[in-house]
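Data first, discussion second: the structure below is written as structure tokens.
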């Protein structure tokens, strides 16, 4: 893998992290549960830190690091905002949207790990991938809890 390919892979992960940061901030703003708000603000900061770490590596490789998320995620977030404003989303639905965002993050990291990254970068990407997996699994478990509680109260 040449330097430009490595930079491109890292820049894609930066965009993924920026998308995650913004997605968690949107979820924190929209969710009603105060503990989840705190959790999501913390996860947003974790994503921001991961992006900064990747940006430092791109600079070290002589590249120009990405500074924003992807257009498709920006459009998805705007649609989510509109949907929430028009019909209102409950906490379960917000968690579902958050989980979808984490699905994208996990896939981005899996794709990056298929590349032939230098060992030090591979180690960093693997560590961040594990963090994305933890985020995904926790959000999914929370969504499932809210779904179960909602179903119980309906019956």
Item to complete: Sort out which residues of the stretch 47-70 are more than 19 Å from the chain's Cα centre (by Cα) and within 9 Å of residue 14 (Cα to Cα), and write them in order of number.
Response: none
Discussion item. For residue 19, only one of the following conditions fails: (1) under 15 Å from the mean Cα position of the chain (by Cα); (2) at pLDDT 85 or above; (3) outside any helix (DSSP H, G or I). What is its number?
Written reply: (3)
Item to complete: Could you grab me the full set of residues in the stretch 27-38 that are part of a helix (DSSP H, G or I) and without any contact (Cβ under 8 Å) to a residue 60 or more places away in the chain?
Response: 28, 29, 34, 35, 37, 38
Fill in: Failed item in (1) under 26 Å from residue 115 (Cα atoms); (2) touching a helix residue (DSSP H, G or I) at 6+ places or on another chain (Cβ under 9 Å), with residue 37 passing the rest
(1)
Worksheet, complete the sentence: Condition set exposed (fewer than 14 other Cβ atoms within 10 Å of the Cβ) and assigned to a loop (DSSP other than H, G, I, E, B), scope the stretch 46-84, selection modelled with the lowest pLDDT: answer is 68
Worksheet item: Is it the case that the stretch 27-40 has a residue that's within 10 Å of the chain's Cα centre (by Cα) and within 20 Å of residue 136 (Cα to Cα)?
Response: no
Worksheet entry | Which numbered condition residue 32 fails, given (1) surrounded by fewer than 15 Cβ atoms within 10 Å (Cβ to Cβ); (2) out of contact with any helix residue (DSSP H, G or I) (no Cβ under 7 Å at 6 or more places or on another chain) | (2)
Worksheet item: Just one of the numbered conditions (1) within 23 Å of residue 103 (Cβ to Cβ); (2) touching a helix residue (DSSP H, G or I) at 6+ places or on another chain (Cβ under 8 Å) is not true of residue 8; which one?
Response: (2)
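The values are calculated or read from the model by the stated rules, or taken from the named source; none is laboratory data. All of these numbers come straight from a predicted model, not from anything done at the bench. Backbone-built Cβ (ideal geometry, glycine too); neighbour counts: all protein chains shown.
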